[in-house]
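Undergrad: Quick one: this structure, given as structure tokens, is what I'll be asking you about.
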Amino acid sequence: MNKEEKLVILEKLVSFNTSEGNELAEAQYLQDLLLEHGIESEIENLGNHEANLIAEIGNGQKPVFTISGHLDTVAVDVDKWDTDPFTLVRKDGQMYGSGVTDMKGGTAALVIAMITLKDAEFPLNGTLRLVLTAGEESNMHGSHQLYADGAMNDSDTLLIAEPTGYRTVYANKGEVDFKITAQGKAAHSSRPNFGINAIQNLMDVLELIKTKVEARAEQNQDDVLGKTTFTVDIFKGGIQINAIPANAEAEINTRIVPEYSNDEVMADVKAVVDEFNQTHAGEIEIEILMNIPPVIGNPESKLIKDIIKIATPYMKNTEYTPSEKQQGKEMQAKQGFNPFSNDKFDVLSGA
């Protein structure tokens, strides 16, 4: 397979609009492509045009090396694009298109690697498993289904081809997402004492939760991943300016380190809400939207050392724009690492 043939695969993947799931057609294209090279695969149809894909080469025995990526992309605002986001455009040494970086490019690389090994009849002392998932940018539907299926139970190693600027990320924060809902009582704004302001209650409880979580996060930091973070990313409430709102809701994203675990964060949020409900009119309710534990790998593993050795020459030759360099300085100050610097050639500690 020559360079242009490989780029055709990326071009085809970009052409599929998977910004809101809808991965089935893309999975079917990859299934046909793999079969052309003698690689059988299985599509797991999740309904609503969502799909996972799994393929294997090798002897079917352990060790099992799993390579993985996702088929969907983030949402696309077509009006803000200078080009068609679903057409791969090559310009000034760059490529533009929906998911070129995250992660149609990574998916194409994994598929091409598997095809290259198969075409070369390279002997594998074990199994190479390709796992491509649905809904990574939304509800992790594909990953949840694969977990329920036990798809990773026999896997010895997992490599995910997310974009990292040629750095090797061996650690990742966990995540707990909450929906916090406030139930109050509607009234006219001229008589607020007749109502219960759901927005005010929600703002007050969020501030209490933030204070508690951030205090504990500060006291329980991880040497690799830093500290647990808390952000309110969605807030909804109110119907008009002169009405006390009866309902309000917010969605919170927390990124978790092992020293302040998922269970501890959830327990702290619940404790704050329980106390608030006992001392305030109205009702606050909690719903867990996502619960993923943190992961820290072994930076001394052979796989990571090999990847660093391969990636370092590419990283040394990477040129960054002024805006990327400025963003890198800000990330260094706030998060402890700079992804837009090529003067330090070691493992990026965490994300």
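FYI, it's all coordinate maths here, none of it is from the lab. Here the structure is a predicted model, which is why all the values come from computation and not from measurement. Positions of Cβ are generated from backbone atoms using ideal geometry, with glycine treated the same way; all protein chains shown enter the neighbour counts.
Undergrad: Mind pulling the angle between the C-alpha long axis of helix 24-36 and the longest principal axis of the chain? Nearest 10 degrees, somewhere in 0 to 90.
TA: Tilt of helix 24-36: around 20 degrees.
Undergrad: Please give the Cα centre distance for the range 32-59 versus the range 8-26, rounded to the nearest Å.
TA: 15 Å
Undergrad: To continue, here is another question. In the range 73-142, which GluC sites (Glu not before Pro) are in a loop and have at most 10 other Cβ atoms within 10 Å, using DSSP for the loop call?
TA: Filter output for the range 73-142: 121.
Undergrad: Using modelled amide H (1.01 Å from N, peptide plane; none on Pro or chain starts), what sits under 5 Å from the amide H of residue 243, excluding residues fewer than 5 places away?
TA: When sequence neighbours closer than 5 places are left aside, the close amide H contacts are 189.
Undergrad: For the range 3-163, what is the relative contact order in percent, using Cα pairs closer than 8 Å and at least 6 residues apart in sequence?
TA: Reported relative contact order: 33 percent.
Undergrad: Please give the net charge around residue 221, taking every other residue with its beta carbon less than 10 angstrom from that of residue 221, where Lys and Arg add +1 and Asp and Glu add -1.
TA: My count for the surroundings of residue 221 gives -3.
Undergrad: Counting DSSP beta bridges with both partners in the range 3-163, what percentage is antiparallel, nearest 5?
TA: The answer is about 60 percent antiparallel.
Undergrad: When the chain is treated as a GNM, springs tying every alpha-carbon pair under 10 Å, which of 294, 339, 192 comes out with the largest mean-square fluctuation?
TA: 192
Undergrad: Separate question: Run the numbers on the range 172-292 and let me know its relative contact order in percent, using alpha-carbon pairs under 8 Å that are six or more apart.
TA: 43 percent
Undergrad: Mind checking the angle between helix 105-119 and the chain's longest principal axis? C-alpha axes, 0 to 90 degrees, to the nearest 10.
TA: Around 30 degrees separate the two axes.
Undergrad: So, one more: How charged is the neighbourhood of residue 155? Take every other residue with its Cβ under 14 Å from the Cβ of residue 155, and add Lys/Arg as +1 and Asp/Glu as -1.
TA: Net charge around residue 155: -2.
Undergrad: While we're looking at this one, here's another question. Taking the Cα atoms only, what angle lies between the long axis of helix 322-335 and the longest principal axis of the chain, rounded to 10 degrees?
TA: 60 degrees
Undergrad: Here's a follow-up. Express the relative contact order of the chain as a whole percentage, based on alpha carbon pairs under 8 Å and six or more residues apart in sequence.
TA: RCO, the chain: 17 percent.
Undergrad: Per residue of the range 263-273, what does 6.51 cos²θ - 1.76 cosθ + 1.60 with θ = phi - 60° give for ³J(HN,Hα)? Whole Hz please, x for Gly and Pro, Karplus curve as stated.
TA: After applying 6.51 cos²θ - 1.76 cosθ + 1.60, I find 5, 5, 4, 4, 5, 5, 4, 4, 5, 5, 5 Hz.
Undergrad: Sticking with this structure for a sec: Karplus couplings for the range 97-102 from phi (6.51 cos²θ - 1.76 cosθ + 1.60, θ = phi - 60°), rounded to Hz, Gly and Pro as x?
TA: Per-residue couplings from phi come out as x, 4, x, 3, 8, 10 Hz.
Undergrad: Report, ordered by chain and residue number, the lysines lying within cross-link reach of residue 3, taken as a straight Cα distance under 21 Å and ignoring same-chain residues fewer than 8 apart.
TA: 12, 91, 104, 118
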